Amino acid sequence: MSDAYTLLRGGRVCDPAGAADGTALHGPPRDLYLKDGHIAATPPEGARIGEVVDLDGRIVMAGAIDIHSHIGGGKVNLARLLLPEEHREHGSGPDGLRRSGSGLFTPSSFVTGYRYAEMGYTAAFEPAMLPSNARHTHLELADVPIIDKGCYAVLGNDDFLLERLAAGATQSEVNDYVAWILHATQAVGVKVVNPGGISAFKFNQRRLDLDEAHPHYGITPRRILTTLATALSDLGVPHPLHVHCNNLGIPGNESVTRDTITALDGLPAHLTHLQFHSYGTEGDRRFSSAAAEIAESVNRSPNISVDVGQIIFGQTITASADIMSQFRNSGLASPRKWVCTDIECDGGCGLVPFRYRDKAFVNALQWAIGLELFLLIEDPWRVYLTTDHPNGGPFTSYPHLIRLLMDRSFRNEQLARINPDVAAHSRLGSIDREYTLEEIAIMTRAGPARVLGLRDRGHLRPGAVADVVVYDDLPDREAMFAAPALVFKNGRLVARNGQLTATGWGDTIVVRPEFDSAIERRLKPWFEDHQTVRLGNFRIADGEILDHGRGGLSIVPTLTASDSCF
Amino acid sequence: MDNEIGETDLPPPMSDVVCPFCAMACDDLTVAHDRGGRLRITGNGCARARTLFALPALPAHCFIKGRAVPLDAALDAAAALLRNAAFPAVGGLAADTEGVSAALALAERLGAVVDHAASDSLFHGLRALQVTGAMTATFGEVRNRADLFVLFGSEFDRHAPRLFDRLVRPPTALFRDAGAARGFLIGPSDGGPGDGPAPDGFERLTADLIHAPAIAAALSQMVAGDRPHGDRVGGIAMEDLARVATALRDARFGVIGWVAATLDPAAGDVAVEAFNRLVVTANAATRCAGLSLGGKGNALGANYVCAWQYGVPLRSRLGAGPPEHDPLRYRLKSLLAEDGIDALLWLSALNGAEVPDTRTPMVVLARPGQPLPHDPEVLIPVAIPGLDHAGSIHRGDGVAALPLRRLRFPKSSGKPSAASLPTAAAVLSALLDRLPASPLPVLIRETAHV
Amino acid sequence: MLLNGIHIENTYAEAFDMKATRLIVTADTPAWARHAGMAATGFATSVIACGCEAGIERELTPEETPDGRPGVSLLFFATGRSVLGKQVETRLGQCILTCPGTACFSGVPRGSKEDLIPMGQKLRYFGDGQQMSKLVGGRRYWRIPVMDGEFLCEESSWSVPAVGGGNLLILADARMAALEAAEAAADAMRTVPNVVLPFPGGVVRSGSKVGAKYKGMPASTNDAYCPTLRGLPRSRLPAEVESVLEIVIDGLTAADVAAATTAGLKCLIERGRGSGVWGVTAGNYGGKLGRHHFHLHELLP
Amino acid sequence: MSVLSFRLKGPLPGRVDASPLLPHRLAALTVTEIAALPLRLGRGHVVVGELFDLSGGPGDTVEIEGDGRLDFVGAGQSSGTIRIAGAVGHRAGTGMSGGVLVVEGSAGLAAGAAMRGGVLTIGGDAGNELGGALPGERTGMMGGRILVRGSCGDRVGERMRRGLIAVGGDTGAYAALHMNAGSLLIGGRPGAATGHGMRNGTILFRGEIDPLPGFADCGLNQLPFLSLLDNHLSELDGVPPACRGLTGRARRWLGDRGFGGRGELLSCL
């Protein structure tokens, strides 16, 4: 600790969550003080100012937050092993500051942290941590430097929950179980993936609709979905249920997506990689954009937030717990190799390498659908910038994506280059909207922070963690966001002009709702009779994260009745 | 039951202890200290675990060429040896996650080749994965769901102890009658212990596993409804194999399992690729999954750590430019055989990493009691993960990482024992600190071919 | 001009640009190669209604063929690449694939993608998934299982520019004299490489003019050269000419057509007026339709 | 035509990566610059001049005195000629796309892997994985020609997609493993499990074989294609004589049907 302040002088602060009017960008440049890793209030006269950085009117934002990015855990690691060709092509040696590493869309852990930091991202959330894979996931994330990270535990296909629901468990029992899982796996949220479908696939069922009974348990995806959403709401977990809807990627799935929103009936929820769930069946190819309908449904539902899962043309790999979908898509694998794993009466892991081709109608339309969603969903507080890394493309394409959103003529140039039928089948070319810098700041910082319950991140008010990014106000927004002038993590300069200058360790962000520990009495025999790991060994102790000396634990406060969801 | 256990002056037994000595990573052991301070398994261990847990916590010293020295002197000598190497390698890698991680960091600093002692078996599965992917299930899924096992291999008791107790015939199962699983054992019948009569419900088909790829391919052909040519394959009559194919088609959830270490050493990957194909073929109509058995020294975990930290598997050179993976050129056994290594760091904190008998100058970090073919240049004893310190290892099915606890503590007398040895990670970090931090100049090759 | 008693009219044959390709068909014996070649180039006299014009260029010895078996070389001419491709496809499929023991290869150098004439590329589907392709020396071949073994067929050929519609009109005293002269001239002209004479026996009697009095008839009889009409004003025939026969020449280049024309003229002149031939002329349309003009006086031997 | 010769000063100190020594690359440099080129050696590198005496001038031909520890010779070669007097180490001609690479002695592991064009000739024997694939790639050799006078190790032509490999002597186990297409000619005896996993393509050899169960016996056949191939081979330099003289008659096995494949083993008369 030091008693000296760092002064960032004369930046144009773009802090939609912090400023009273949210539009400080248009006001005069102002000063920002950092102290002890936090944003400080203007210090009293005579306080010691250590370093002074002149920002000369550059744009200042909080560190960016990626709400949904598969950066670590069993499936990501398996993806690395599946694609040695990717890692052969994209490697970097050690340079005294950086550890070596490799990969573009499944980068190695150190490279992941460096690249995020160099882009001005200071937190990223791994959205698909199977509880049985939680220890591995945290071990991996412990090797992701600089940024803060958190994980969503995947529930909704775990046999304990399904069995209890089928046996008529009460909501409060489910609540206790969900809370226990959050504690045991050191998670910050819960994701449900193809509710019931992954389990059904293990019973040799190849498709499951929202109101179709599970072949063994007889319960419906709708029931699983609403029960979990209710649990998180009851428990006061700030991040509402993170929903990967049924029938990912299937033409016509927009109806199940809208039904899901309806089924939630006002319960808060976050629908993830919405692009993959916004497909209609119109036209000769029986594949069309339903972005307008979905956006309309989201616009009408203030309980719903979304991230888009934009696709980016080029080679990537799709990684998902949704083995039902991934097995169905395995024929599309390019290169022709894929992985599908049934995991621990808990979930699954499916990996299908994929190349999005701009000349292919389906891929090009997917690209347009993603952009339509961004542009047609009105409230930037409820739509977040993601590519579902690596499923739609690598997170390193965010600056490009930002430019697509902010620069209509650039967007239309790209539209003119892709499969020509798409322009005819999409309204994208007629959408005039251009995101403003404030809106970008909302969708990449303030919005994700709010929906995750991160009270001290995503804004620049005194008390916030000093994750600060300074940008040159370049007309080329891609260049601007690809290489920020300065990036501070916890008040420390870690990157300058897009190049790493220092490294370090971020926190693991978790949530710890209260629950009745009596649930363990039910769980202990379940683990002993049906699992292959005992309860005590399943649970991850704080020490397992803290003892590495690689960053601390940061606990998100739960909501009380008086807190509003948004 | 051991008479010494349970007396009041002894510490209470510890339950749900994880065994770090093979890839089954059983976590249901009950362990107690006996009067001599040794560990005794009192519940749920296999023969190997009972032996290894009970090894005495010997006092152990560092040695330079057979001469006992203090740790600092040993570290200095080791650093000097490694610092001057032009062709360094870091091998063995039988350690917990932290130990492996520290070894890889050292290798990166040295520009060394990294490989695990047991990676021949590991690479059977890995090379097959790299080219075709895989369709697998984890232990928990198999335990509750599998109603048919087709197992290739021999000496299951040795390579996958408690396979039958824990996975094939557990006392309870969610989606089938407990103990109802049936299956086939395909492999040599003259193997060794554990290759006696087949368990209830199982049929042994005697085969030479060198032909495992052809056997699996013939099975795929039959499952797909076609008839292979000839009367026998790998020693199995076609009509016997046809019964296996029928069983796979009729099963609700079949498992194709294999003990990687018993496959053809030169073509185990070919066999695993054929198993994968068989699994995918069966999944056209029903459910089926692959299951790799065996593995030791946390080989899978070591490979995972390397993959997540560097993006490449083992058999890579780290730190001399971008990580470079080459399963042919960087197979450590081959490199040692052709004198391609001039300084070797060997890490053997767990079992399963026999120290190679090589003339190559060697720094050995080994658990106490590790047999040595001869005195290495430097020997530094390290604590055993899961006995002497906490940590984590990966189970052979690749999903579960298990926590290791510390079970042995230094005696109050302060007499040195294994329980007071430094961890491998600590020794490796101390070594790292003795090496220059500046990386070697990076040479980018014009043509990235391998 | 009178040469050896034969009138050589000072006129020219008017010929058109076409697209052509050459196929090499081999078989176990020369006879079966010929069968295939005859059938494949049958009903290919005029693009007016046959789609293409084709003929056997010559027979090939085993040493001359890609697979070391006896064969024939076939030339196909059509108005454009796509119609040529269509014609080759159907003729290959119906006449060569079907013929015992045959194999089929392209007889032209590898060309560009725009000039591609599919062969095995289309025919392979006959193999119903059992076909196999091989790349040998940079060219792809398809092997299609058939009942006598395997039909080996190169994946594609290429179209080359060509000239069609070169011609000679032989004016003779009598029908037999005209026929014998035409046979002799055709035999002489066939020795010229890169040309075929697409009509039966190389000879055509129904020379035509453009247009007709009937609607829908693009061509009609060449009444100026019909001896039964020679009293009419339009007739171009002298009184002594009682029979006219035409030889139509298709060649890969104008020089090839010219060489064939010369060979025909040489034969006819050498045979002399005593053979019953009165004179030689050529058909044209006033030079408005084709860009190649073969002037008889310039092509004399 | 100028020839640049590399003569070894002494035994190599370890495995050296010779991939920078490509004719088109060296042609742009002076001899002094070439002598200063770094080559990877172990964890570091060594300059050319420390290992080799240079003579002649850079042009389209490079001559190198061989050594079994000289790896990656001709890797990525796209033009010109490299001639090796003696043996080479591993991965010679990897990813080669053009030009001619002549190894007068033997080659180590994975020579010609992932080749796309050009000609690789090996006067002696070749090691395992000749003309194979890069680690993890589903496609091996994509074109070009590999001609080996001697024998080769296991897995020749693994996952081959296109091109021709002719081995005058015997081949090891798993020849043409998971072959996608292309042709493998074996002048000597094919090893165990030849053609395992093959999807398409052709393996030609003489004499009888007991193929894997996945191969269906299609009996003796007269195949005009064989004559075509033999004609083609007669026009090429360096084809091992044992691979010539195909009569057109062969016993045909189709497979590997255990992998849904329909490649062929041709046991030629």
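None of the figures in this text is laboratory data; all of them are computed from the coordinates on show. Quantities reported herein were computed from a predicted structural model and do not represent experimental measurements. Every residue, glycine as well, gets a Cβ built from its backbone with ideal geometry; the counts of neighbours run over all protein chains shown.
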#### Entry: Percent breakdown of C-alpha pair distances by 10 Å bin, ordered from the shortest bin, for region B:14-54
34, 58, 8
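Using only DSSP helix segments of four residues or longer, with each worth -39500 (n - 2.57), what per-residue ellipticity at 222 nm results for chain D after dividing by its residue count and rounding to 500?
Details: 4 runs with 24 residues, N = 269.
Only helices count here, giving -2000 deg cm²/dmol.
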### Summary
Scattering profile of chain B from the Debye formula, Cα beads only, expressed as log10 I(q)/I(0) at q = 0.06, 0.07, 0.12 Å⁻¹, is -0.28, -0.38, -1.03
### Query
For the charge dipole of the protein assembly as shown, defined by +1 on Lys and Arg C-beta atoms and -1 on Asp and Glu C-beta atoms about the Cα centroid, which residue among B:Leu174, A:Phe538, C:Leu169 has the Cα displaced farthest towards the positive pole?
C:Leu169
### Message
Taking 8 Å as the Cα distance limit and 6 or more residues as the minimum spacing, I'd like the relative contact order of region B:14-54 as a percentage.
### Response
31 percent
### Under 5 Å, built H, 5+ apart or other chain: amide partners of D:Val3
D:Gly57
### Task
Return the aspartates and glutamates within reach of C:Lys134: Cα separation strictly under 16 angstrom, same-chain partners fewer than 8 residues apart disregarded; answer none if there are no such residues.
C:Asp67, C:Glu150, C:Glu154, C:Glu155, D:Asp230, D:Glu264
### Query
How compact and how long is region B:71-198, expressed as Rg and Dmax of its alpha-carbon atoms in Å?
21.1, 62
### Summary
For region A:141-151, in residue order, the Karplus 3J(HN,Hα) values (coefficients 6.51, -1.76, 1.60; θ = phi - 60°; whole Hz; Gly and Pro = x) are 5, 5, 9, 8, x, 6, 7, 7, 9, x, 10
### Query
At q = 0.18, 0.19 Å⁻¹, what base-10 log of I(q)/I(0) does the Debye formula yield for region B:122-293 when every alpha carbon is treated as an equal point scatterer in vacuo?
-1.15, -1.30
### Query
Along the three principal axes, how long is region C:53-135 when you take its alpha carbons, biggest first, rounded to the nearest angstrom?
34, 31, 24
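Using a 10 Å cut-off on Cβ to Cβ distances, tally the other chain neighbours for every residue of A:124-134 and report the average as a whole number. Could the numbers behind the result be given before it?
Working: counts 0, 0, 0, 0, 0, 0, 3, 0, 8, 5, 2.
For this peptide, the per-residue mean of nearby foreign Cβ atoms is 2.
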### Summary
For A:Gly63, the residues 5 or more places away or on another chain with a placed amide H closer than 5 Å to its own amide H are A:Gly458, A:Asp467, A:Val468, A:Val469
## Note on the structure
Once phi for every residue in region C:104-115 is put through the Karplus expression 6.51 cos²θ - 1.76 cosθ + 1.60 (θ = phi - 60°), the whole-Hz ³J(HN,Hα) values, with Gly and Pro written as x, are 9, 10, 6, x, 10, x, 3, x, 8, 4, 5, 9
#### Entry: Separation of alpha-carbon centers, region B:201-244 and region C:241-281, rounded to whole Å
75 Å
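Kyte-Doolittle cut-off 0.0, length cut-off 24 Å along the helix's own axis using Cα: show which whole DSSP H helices in chain C pass. Write out the running numbers ahead of the final one.
Details: long enough: C:254-271 (26 Å, 0.69).
Taking the DSSP H segments of chain C (at least 24 Å long, mean hydropathy at least 0.0), we get C:254-271.
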### Task
Starting from the amide H of A:Leu553, placed 1.01 Å from N in the peptide plane, find each other amide H under 5 Å away whose residue is 5 or more places distant or on another chain.
A:Thr508
### Query
If you line up the long axis of helix B:71-83 against the longest principal axis of chain B, both from Cα atoms, how many degrees apart are they, to the nearest 10?
70 degrees
### Message
Sequence gap at least 6, Cα distance under 8 Å: using those rules, report the relative contact order of chain D to the nearest whole percent.
### Response
11 percent
### Summary
So, over other residues within a Cβ distance under 9 Å of D:Gly86, counting Lys, Arg +1 and Asp, Glu -1, the net charge is -3
### Task
Could you work out the mean projected area of the convex hull around the alpha carbons of region D:72-120, in square nanometres to one decimal?
2.4 nm²
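Could you list the GluC sites (Glu not before Pro) in region A:42-106 that lie in coil according to DSSP, counting only those with at most 15 other Cβ atoms within 10 Å of their Cβ?
Answer in residue order: A:Glu45.
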### Message
If neighbour count is taken as other Cβ atoms inside 10 Å, put C:Arg236, A:Arg48, B:Arg315 in order from fewest to most.
### Response
A:Arg48, C:Arg236, B:Arg315
#### Entry: Calculated on alpha-carbon atoms, Rg and Dmax of the protein assembly as shown in Å
38.9, 143
### Summary
Mean 1/r over distinct Cα pairs of region C:19-160, inverted to a Kirkwood Rh in Å, yields 14.7 Å
### Task
Could you quote the convex hull projected area for region B:75-126, Cα atoms only and averaged over all directions, in nm²?
4.1 nm²
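Suppose every Lys and Arg Cβ carries +1 and every Asp and Glu Cβ carries -1, with no other charges. What dipole size does chain C come out with about its Cα centre, to the nearest 20 debye?
On the way: 30 positive and 30 negative charges, 168 e Å.
Computed about the Cα centre, the dipole is about 800 debye.
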### Summary
Per the helix-only model, chain C has a calculated mean residue ellipticity at 222 nm (DSSP H runs of ≥4, -39500 (n - 2.57) each, divided over all residues, rounded to the nearest 500) of -6500 deg cm²/dmol
### Message
What lysines does A:Lys35 reach when the alpha-carbon gap must be under 22 Å and sequence neighbours fewer than 8 apart in one chain are set aside?
### Response
A:Lys489
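Excluding A:Ala464 itself, what net charge comes from residues whose Cβ is under 10 Å from its Cβ, given Lys and Arg +1 and Asp and Glu -1? Mind dumping the intermediate values first?
Working: positive: A:Arg455, A:Arg457, A:Arg461; negative: A:Asp15, A:Asp456, A:Asp467.
Net local charge, A:Ala464 excluded: 0.
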### Task
Would you list, by chain and number, the lysines whose Cα falls below 23 Å from the Cα of C:Lys213, excluding same-chain residues fewer than 8 positions away?
C:Lys288
## Note on the structure
Given Cβ charges of +1 for Lys and Arg and -1 for Asp and Glu, the option among C:Gly138, C:Ala54, C:Leu197 whose Cα lies farthest towards the positive end of the dipole of the protein assembly as shown is C:Leu197
### Query
Taking the alpha-carbon centroid of each part, what is the distance from region B:290-308 to region A:25-66 in angstrom?
48 Å
### Query
Based on Cβ point charges of +1 for Lys and Arg and -1 for Asp and Glu, what charge dipole magnitude is obtained for the protein assembly as shown about its Cα centre, in debye rounded to the nearest 20?
1720 debye
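Rounded to the nearest 500, what is the 222 nm mean residue ellipticity of chain A from helices alone, with -39500 (n - 2.57) per DSSP H run of 4+ residues and division by all residues? Mind showing how you got there, number by number?
On the way: 21 runs with 182 residues, N = 566.
Computed mean residue ellipticity for chain A: -9000 deg cm²/dmol.
Per residue and in Å³, how big is the convex hull formed by the alpha-carbon atoms of region D:86-229?
Convex hull of Cα atoms, per residue: 92 Å³.
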### Summary
Ranked by GNM mean-square fluctuation in chain D (Cα springs under 10 Å), the top entry among D:Val47, D:Val239, D:Val62 is D:Val47
### Query
Mind checking the dipole of chain B: about its Cα centre, +1 per Lys or Arg Cβ, -1 per Asp or Glu Cβ, Debye to the nearest 20?
520 debye
### Query
Could you give the alpha-carbon Rg of region D:96-144 over 2.2 N^0.38 Å, rounded to two decimals?
1.08
### Task
Please report, in Å, the Rg and the Dmax of chain A, where both are computed over Cα atoms only.
22.6, 73
### Task
Rank these for me by crowding, A:Phe276, D:Phe52, going from fewest to most other beta carbons within 10 Å.
D:Phe52, A:Phe276
### Bins of 5 Å from zero: percent of alpha-carbon pairs in chain D
1, 7, 14, 18, 18, 14, 10, 7, 5, 4, 2, 1, 0
### Query
So, in region A:64-452, how many Lys pairs have Cα atoms under 25 Å apart, if the pair is 8 or more places apart or on different chains?
8
### Query
HN-Hα J couplings of region B:123-138 from phi, Karplus 6.51/-1.76/1.60, θ = phi - 60°, integer Hz, Gly and Pro as x?
6, 4, x, 5, 5, 5, 4, 4, 9, 10, x, 6, 10, 10, 9, 8
### Task
May I have the pair-distance distribution P(r) for region A:187-295, computed from all Cα-Cα distances with 5 Å bins from 0 and rounded to whole percent?
2, 13, 22, 22, 19, 14, 6, 2, 1, 0
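Shielding of A:344-353 by partners, i.e. mean partner chain Cβ atoms within 10 Å per residue? Mind dumping the intermediate values first?
On the way: counts 11, 8, 5, 1, 3, 4, 2, 2, 1, 1.
Per residue, the average neighbour count from other chains is 4.
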#### Entry: Positive-pole candidate from C:Ser159, C:Thr65, C:Ala39, dipole of region C:19-160, charges at beta carbon
C:Ser159
### Message
If you average the C-alpha positions of region A:314-385 and of region A:128-175 separately, how far apart do those two centres end up, in angstrom?
### Response
21 Å
### Summary
Cβ density ranking, 10 Å radius, fewest first, applied to A:Thr6, A:Thr560, B:Thr206, A:Thr272 yields A:Thr560, B:Thr206, A:Thr6, A:Thr272
#### Entry: Per-residue mean of C-beta atoms belonging to partner chains within 10 Å, peptide B:314-325
6
